[in-house]
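Worksheet: one structure, shown below.
Where a number appears in this text, it was derived from the coordinates with a stated rule and is not lab data. Keep in mind it's a predicted model, so treat the numbers as computed, not measured. Positions of Cβ are backbone-derived with ideal geometry, glycine not excepted, and every protein chain shown enters the neighbour counts.
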Amino acid sequence: MRKTIAALAACTCLLSLGGSAGAISGQAAASAGMGRDAVSRATDAFLETTHLNPASPAEFTQACDAYLARAAQLKAALEAETGRAGIETTFRSYDALRRVLGAAESDSGVVSQTNQSPETRDAARACAARVDSASTEISLSPAIYARLRAIDAGRADPDTRFLLARAIAQYDRAGVGADAATRAQIRTLQDRITQNGIAFERNIANGRKEVTATPTELDGLPADYIAAHRPGPDGLVRISTDYPDLGPVMSYAVNDGLRRRLNEANLTRAYPANDELLRQIFTDRQTLAGLLHRPNFATLVTEDKMIGSPANARNFLDEVNRVADAPARRDYQLMLARLRRIDPSATEVPTWAVGYLSQLIRKEQYDVDPQEVRQYFAYNNVRSGILQLTRDLFGVEIRRWETPLWAPGVEAYEMYDGGRLIGRFYLDNHPRPGKYNHANVIPIRYGLTDRAIPVAILVCNFPDGDHTTGLMEHRDVETFLHEFGHLLHVIFSGRQQWGQANMGNLEWDFIEAPSQMLENWVWDYETLRRFAVNAQGQPIPQALVQRMNRARGFAEAFGDKRQLGLAAASLAYHLGAPGGADLTETYRTAYNAYSPVPLPAGLHPQDSFGHLTGYSAIYYTYMWSKSISTDLFTAFEHAGLRDPATARRYRERVLARGSSRPAATLVSDFLGRPLSLDAYRARLTRTN
């Protein structure tokens, strides 16, 4: 599970304001009388300096104040604008306003996830709430709405006409046409949803738990993991619910009791504190939907996505379930049979045994030992390999970027194409206390042609170093490349004429597809042999990669059905107000309808399901995007994974266009035909 581009996904306002990010420099200079060039130059200059490593909470709050003051001036100028509304006046100023608020949103995301001071992280979260409130206020401004509607775009280019029409539609959906009292109620609801969402995510971040284990209970875990988890003075080992601790235990620990204890700790994080926050969020979202004349929030949040409606989303989940059911049941029976060799009395596979049994089956039936595989994936080599793959596939140059950094282990790079700087990025890839503990990308800057260079940050939690301290699981290598794909999307879409054309404004149920498509390269021998080497410098054997690919399909449909369960839960919470319903039982009922392994009693995973704030009802995005990514990949399967012409066409027709066109158009422009689910169906039903 991956939560990506979190700074954008977390916005609860209906009018998305995910624009460029990160600068506070000087006094705002916008006024109602400024022309195109003056507004553009002033905004570009204002957004030149990022605030990613403030020295104190007060410093970041001051930066936030400057962002909001600048946005307020731009808003006031737009609302006071007179005369003929035009693309190069009204729409240009509106685009600048969106860029400024997007900058504040993204800087807040970076600081809240990566800063080493809890107080500064809290200051960033407080800023995010203020920015979201300002965004809501703008989305409900009748004066700005009227100016946008007054623009005659008849002579504008198609991209600009599309963006203007989308902006007007977003205002309509936000409730700008309601009376003043209703708009005030909408603002109150949006602000409360934001505040409760921030508290919800803070509780997850602070909900880290630990279990204790005897040294003998670590049997089966890799030697480097055991070396990093020495017993304390009481003779016990402490293992946290942080992902780098959790994953290896669930895959390798022979001791069933340890896996069960850690699973229970992980799926009770932030409980019961987050239950009431969720109940209020779901209730407020339903009230908001009613004010906007929708039957429920799921309808409101899906109507501008590719899927179109909650009914279509449910139909999609059911269709995938029908295809995935038989292969998932087959894999379940293999797991149960393997469990009975350990415990002859077993009648079902518990959730905490799935990862362990899966790796045993891959080892015994496919001759793929995950611990043998991981010896070829030291972090330093993986990082270098992914950078080199980017060079090879897209013909770019990547160099170190000398710039201030905020923590040990953070790295910075610049990307060039034909000698021209096209983007910058940070890698903050190693765990530390208080840091966001999963994996995502935050766009710090979105690019504009000849005006602004795109900048992004990858925030992950991988081991650091060489073969002694930095060995990665193959699934973590896949995650690395997936997230790096989002980063490439930010950079390659960085030549737009409008900030509103950035990739973060794509239909959200498409946003994962390009990155999921890129995951295929970590299964390609020609790619792996260039960086996957063991401690002796020997490259990964081709025969091993072939066996890994034969085992790749095992438990894939099984895992997809679990994803369907999570998607069903996110939908269920948003089809009406929860009232006095038991949120755990709502989750359990929806999840168990799809997942091959039911949720055990006594667990409360909804309280640490962070996507419920950012993605709300649209967690189906991951499976929908996966089906699209499988279709996109057929072009590379046909031409070759390293075919430069296909890679160039993909970059130009999908990535580079950002959100300047509908996602379905991007797909059909690349494939030469409409989107199809046929490739995904075939993938799920293939034999291993």
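Toward the positive end of the charge dipole of the stretch 269-418, about the Cα centre and with charges on Cβ (Lys, Arg +1; Asp, Glu -1), which of N312, L393, H293 goes farthest?
In the stretch 269-418, that residue is N312.
Helix 379-394 against the longest principal axis of the chain: what's the angle in degrees, Cα atoms only, rounded to the nearest 10?
Compared with the principal axis, the helix lies near 50 degrees.
Roughly what would the spin-label model give for A645 and A150, points 7 Å off Cα along C-beta, in nm?
Here the answer is 5.2 nm between the modelled labels.
Between the stretch 444-489 and the stretch 43-122, what is the C-alpha centre distance in whole Å?
Distance between centres, Cα-based: 25 Å.
Using a 10 Å cut-off around each Cβ, can you sort R673, R445 from fewest to most neighbouring Cβ atoms?
Ascending Cβ contact count within 10 Å gives the list R673, R445.
Using only helices, what value at 222 nm comes out for the chain when you add -39,500 (n - 2.57) per DSSP H run of length 4 or more and divide by the total residues, to the nearest 500 deg cm²/dmol?
On the way: 28 runs with 366 residues, N = 688.
Helices in the chain give a 222 nm mean residue ellipticity of -17000 deg cm²/dmol.
Give the Cα extents of the chain along the principal axes, in whole Å, largest first.
So the three principal-axis extents are 81, 60, 56 Å.
Mind checking the full-extension length gain between Q542 and A682? Use 0.36 nm per residue of separation minus the Cα-Cα distance, one decimal, nm. Mind dumping the intermediate values first?
Working: separation 140, 0.36 × 140 = 50.40 nm, distance 2.52 nm.
So the extension gain works out to 47.9 nm.
Could you state the angle between the C-alpha long axis of helix 621-639 and the longest principal axis of the C-alpha atoms of the chain, as a value from 0 to 90 degrees rounded to the nearest 10?
Tilt relative to the chain: about 80 degrees.
Farthest toward the dipole's positive end in the stretch 208-266, which of A223, S251, I239, given Cβ charges of +1 (Lys, Arg) and -1 (Asp, Glu) about the Cα centre?
Checked the options; the winner is I239.
Please report, to two decimal places, log10 I(q)/I(0) for the stretch 208-266 at q = 0.15, 0.17, 0.18, 0.20 Å⁻¹ as given by the Debye formula with identical point scatterers on the Cα atoms and no solvent.
Scattering profile of the stretch 208-266, log10 relative to I(0): -0.35, -0.45, -0.51, -0.64.
Find out how many positive minus negative residues lie around K363, taking Lys and Arg as positive, Asp and Glu as negative, among other residues whose Cβ is under 10 Å from that of K363. Provide the component values of the computation, followed by the final result.
Values: positive: R362; negative: E364, D367, D369, E372.
Local net charge: -3.
Once you sort the root eigenvalues of the Cα gyration tensor of the stretch 267-392 as a ≥ b ≥ c, which label holds: rounded (a/c under 1.5), prolate (a/b larger than b/c) or oblate (the other case)?
Working: a/c = 2.05, a/b = 1.52, b/c = 1.34.
It is prolate, given that a/c is not under 1.5 and a/b is the larger ratio.
Arrange S93, S141, S56, S135 by Cβ neighbour counts within 10 Å, fewest through most, would you? Please report the intermediate quantities before stating the final value.
On the way: S93 25, S141 19, S56 12, S135 28.
Fewest-to-most Cβ neighbours within 10 Å comes out as S56, S141, S93, S135.
Would you mind working out the magnitude of the charge dipole of the stretch 208-266 relative to its Cα centre, with +1 at each Lys and Arg C-beta and -1 at each Asp and Glu C-beta, to the nearest 20 Debye?
On the way: 7 positive and 9 negative charges, 27 e Å.
I would put it at about 120 debye.
Please list the radius of gyration and Dmax for the stretch 410-530, considering alpha-carbon atoms only, with Å as the unit.
For the stretch 410-530, the Cα-based Rg and Dmax read 15.3, 48 Å.
Helix 474-492 sits at what angle to the longest principal axis of the chain, using alpha carbons and giving 0 to 90 degrees rounded to 10?
10
Considering only DSSP beta bridges with both partners in the chain, what is the antiparallel share in %, to the nearest 5? Show your work: numbers first, answer last.
Working: 23 of 28 bridges.
Taking every DSSP beta bridge within the chain, about 80 percent pair in antiparallel fashion.
Could you please report the charge total around E414, scoring K, R as +1 and D, E as -1 over all other residues with beta-carbon less than 15 angstrom from its beta-carbon?
On the way: positive: R391, R399, R400, R420, R424, R445; negative: E397, E402, E411, D417.
Cβ neighbours under 15 Å give a net charge of +2.
Rounded to whole Å and sorted largest first, list the principal axis extents of the Cα atoms in the stretch 202-313.
Result for the stretch 202-313: principal-axis Cα extents of 61, 29, 20 Å.
Of K209/K626; K305/K626; K363/K561; K75/K305, which ones are farther than 26 Å apart at the Cα? All intermediate terms of the calculation are to be shown ahead of the outcome.
Numbers: K209/K626 32 Å; K305/K626 15 Å; K363/K561 23 Å; K75/K305 28 Å.
Those over the limit are K209/K626; K75/K305.
Can you give me the C-alpha center-to-center distance between the stretch 275-348 and the stretch 204-250, rounded to a whole angstrom?
31
Which value, in debye to the nearest 20, describes the size of the charge dipole of the stretch 74-127 about its Cα centre when Lys and Arg Cβ atoms bear +1, Asp and Glu Cβ atoms bear -1, and nothing else is charged? Write down the numbers at each step before the final one.
Values: 7 positive and 8 negative charges, 22 e Å.
Around 100 debye, computed over the stretch 74-127.
Along the charge dipole of the chain, which of L47, A156, S384 sits closest to the positive end, that is, farthest toward it, with unit charges on the beta carbon of Lys, Arg, Asp and Glu (+1, +1, -1, -1)?
A156
Could you list T194, T49, T634 so that the one with the fewest beta carbons within 10 Å of its beta carbon is first and the one with the most is last? Mind showing how you got there, number by number?
Values: T194 24, T49 12, T634 15.
Fewest to most other Cβ atoms nearby, the residues stand as T49, T634, T194.
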